[in-house]
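Structure record follows, encoded as structure tokens.
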Amino acid sequence: MFRNTLSRTLANHIGTRVFVALDDQPPYEGIISAVSGSLLTILQTSGYGVTVSVNISIPSINFVKFAPTV
């Protein structure tokens, strides 16, 4: 049940900057580009203008922090 709620919430924030912490990996920071089934896709941008797409399993997420909107 919680996974469905989290998936819907993430889908409502597509295009938003997000910080995602996992159990066994370093945290990810980027922009939500897609939510499909149990996968979250974020785009990480390095300081050199390179964008990397990262797929994260939603069940492995510990917490999510959304960047404040202006």
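Figures for the structure shown
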{"quantity": "Scope the stretch 18-67; condition at pLDDT below 90, open to solvent by 40 Å² or more (accessible area, probe 1.4 Å) and more than 17 Å from S7 (Cα to Cα); matching residues", "calculated": "D23, D24, Q25, P26, T45, S46, G47, Y48, G49, V50"}
{"quantity": "Residue count for the stretch 32-51, restricted to those that are under 13 Å from T16 (Cα atoms) and out of contact with any helix residue (DSSP H, G or I) (no Cβ under 9 Å at 6 or more places or on another chain)", "calculated": "5"}
{"quantity": "Odd one out for N12 among (1) touching a strand residue (DSSP E or B) at 6+ places or on another chain (Cβ under 8 Å); (2) loosely packed, with under 14 Cβ neighbours inside 10 Å; (3) of a type in the set (S, T, N, Q)", "calculated": "(1)"}
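The values are calculated or read from the model by the stated rules, or taken from the named source; none is laboratory data. From a predicted model like this one, the values you see are computed outputs, not experimental measurements. Using ideal geometry, Cβ is built from the backbone for each residue, glycine included, and neighbour counts are taken over all protein chains shown. For accessibility, only protein heavy atoms count, side chains too; no ligands or nucleic acids. Shrake-Rupley method; radii C 1.70, N 1.55, O 1.52, S 1.80 Å.
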